[in-house]
Amino acid sequence: MNSLGFGKLIFSFYGKKLPSLYKIQKKGLLAVKVAQHYALRIDFLEEEMCSHLSQLYAHSFSAEERTLSELLEGNTAVLENLASWDEKPFSSASVGQVHRGTLKSGEKVAIKVIRSNFKESFFRDISRIERSVSMIGRIWPKFNKIFDPGGILENIKGYTSRELDLVNEYMDMEKLRSIRDGNLKYFDLKSLDFPRVYKELSSERILVSDYIEGDTFDHLLAEGRLTYENLLELFRVHSFYIFNVGIFHGDIHPGNIILGNDGKLYFLDCAGLSTISPRLRKGLFWFFYYLSRYDYPKAAENLNKMSEKPLDSSSYRIFLEKFMDLYSDFTHATVSQVSLTRRMMETIKLGINSGMDFGSGMFPVIKSLMYLDGMVMRCNPQAVLMEDVRGFTDILLEQFH
Ligand SMILES: Nc1ncnc2c1ncn2[C@@H]1O[C@H](COP(=O)(O)OP(=O)(O)O)[C@@H](O)[C@H]1O
Ligand SMILES: [Mg+2]
């Protein structure tokens, strides 16, 4: 994607017409990352646009596959330790591919490899656009002020470079693992696990981990085999990380969770943890606590507490009236009647339009909700999710501080 393409892409998010997702994907990884970024910007885009763009979180590139021998050329450490491997990947995505193999010691492993040429081209694209953006900024400062393309690129560069280094993926997974281990005494996290990583065989470009026998949530959802109980278990575990710890898996996509044949949930692809500030974390917990009890005035009160500057009493009164209106159809509603993500977006938008300020800290939570809500829609659209998670809020409350 060149600078013109970048400019056009950003403008397309502000138009009335929904842009073609196919065309965005064809523009390459950077375009997809930019669109994914905008999918969360409910603070200034229409909710319909955000929902549309959020579909790009589930996309998968038809990447040019390579054989494992080609990719591992010269990497004797890994090849020497493998007894056998599949040349063809069993999963191939934007930046890398995953192969099955068996170590000489007998363990079955998954070998994730980043295609080497990737990093340079991605960063070359970014620097080219960054140069044009700063030039445009000199001629037309308002453009940069309104759209902040420099800030967006900087942000994308930050987390993509983390993703492109598999050492980060390993370290982030270990962080989630250590949080689990440190909390086992206080909270039942026994159902959660992570594949063991062979650190000595892994590097920036290669991650060798135990092959987990089972199916991804995505696969199970597609075949109609994921039970609602499995999904609720994911909610329970993930909620603990969000609300009680404030550090959580930043990409809880159904392709990144395996239901093992042993019945456990395995989190994969952990690069890029999300965090939430204590103020938002606490406010959001109580917001959901009361929402799941259909106590709308209390939920509204806690939304206001999440704002950096809470509303004064007269603005609050006007806000509350609109809030009650927004939630007038919520009690006992199934997820297909009221989408939780959509309602959350409308809620945040209402808060912002009424004068609240949540900073950018809400985006990772919205992203998580998009995924979780999407999974319930595919698994059990008749569920009254709010009533089913109500019990979790009591369990979480026992360890809440
Ligand atoms: N340790 C593993 N055991 C079994 N399957 C795995 C393992 N690691 C990855 N996979 C499979 O490969 C897919 C892609 O792996 P992932 O780490 O999510 O990479 P990507 O960054 O390409 O999304 C997963 O959806 C899963 O099906
Ligand atoms: Mg993945």
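The values are calculated or read from the model by the stated rules, or taken from the named source; none is laboratory data. In this text, all values refer to a predicted model and were calculated from it rather than measured experimentally. So basically every Cβ, Gly included, is an ideal-geometry build from the backbone, and we count neighbours across all protein chains shown. Protein only, heavy atoms only, side chains kept; ligands, DNA and RNA dropped before computing areas. Shrake-Rupley method; radii C 1.70, N 1.55, O 1.52, S 1.80 Å.
For this structure, a couple of remarks:
- Residue selected from segment 63-79 under the condition small (Gly, Ala, Ser) and within 14 Å of ARG205 (Cβ to Cβ), by the criterion most open to solvent (accessible area, probe 1.4 Å): GLY74
- Every residue from segment 77-99 that is away from ligand 2 (no atom under 16 Å from the Cβ), modelled with pLDDT of 90 or more and of a type outside the set (Asp, Glu): VAL78, ASN81, LEU82, ALA83, SER84, TRP85, LYS88
- Selected residue (criterion: nearest to ligand 2 (Cβ to nearest atom)) from residues of segment 245-255 that are touching a Leu at 6+ places or on another chain (Cβ under 9 Å) and modelled with pLDDT under 95: GLY255
- Residue check for LYS112: in contact (Cβ under 8 Å) with a residue 40 or more places away in the chain and either under 15 Å from GLU163 (Cα atoms) or under 23 Å from the mean Cα position of the chain (by Cα) (or both): yes
- Criterion violated by PHE267 - all others in (1) under 16 Å from LYS112 (Cβ atoms); (2) at pLDDT 95 or above; (3) more than 16 Å from ligand 2 (Cβ to nearest atom) satisfied: (3)
- Checking each residue of segment 153-163 against the condition of being open to solvent by 70 Å² or more (accessible area, probe 1.4 Å), more than 16 Å from ligand 2 (Cβ to nearest atom), charged (D, E, K, R) and not assigned by TED's automatic domain parsing to the domain that holds GLY250 gives at least one match.
- Single residue of segment 206-244 satisfying the filter (over 12 Å from PHE392 (Cα atoms) and charged (D, E, K, R)) that is farthest from ligand 2 (Cβ to nearest atom): GLU229
- Some residue of segment 303-326 being in the same structural domain as GLY359 (by TED's automatic domain parsing) and under 30 Å from SER91 (Cβ atoms): no
- Among the residues of segment 357-390, the one identified as in a loop (DSSP other than H, G, I, E, B), under 19 Å from GLU223 (Cα atoms) and open to solvent by less than 20 Å² (accessible area, probe 1.4 Å) is ALA383.
- Selection within segment 299-333 - of a type in the set (D, E, K, R) and assigned to a helix (DSSP H, G or I): GLU301, LYS305, ARG317, GLU321, LYS322, ASP325
- Restricting segment 80-101 to residues that are open to solvent by 50 Å² or more (accessible area, probe 1.4 Å), more than 8 Å from ligand 1 (Cβ to nearest atom) and of a type in the set (A, V, I, L, M, F, W, C), the residue that is nearest to the chain's Cα centre (by Cα): TRP85
- Screening ILE111 against (1) in contact with a strand residue (DSSP E or B) (Cβ under 7 Å, 6 or more places away or on another chain); (2) assigned to a helix (DSSP H, G or I); (3) of a type in the set (Val, Ile, Thr) leaves a single unmet condition, (2).
- Residue match in segment 162-182 (condition: modelled with pLDDT of 90 or more, hydroxyl-bearing (Ser, Thr, Tyr) and more than 20 Å from MET1 (Cβ to Cβ)): yes
- Taking segment 339-356 as the range and being part of a loop (DSSP other than H, G, I, E, B) and more than 14 Å from LEU372 (Cβ to Cβ) as the test, the residues that pass are SER354, GLY355, MET356.
- Inclusion of SER336 among residues that are within 22 Å of GLY374 (Cβ to Cβ), assigned to a loop (DSSP other than H, G, I, E, B) and under 26 Å from the mean Cα position of the chain (by Cα) is warranted.
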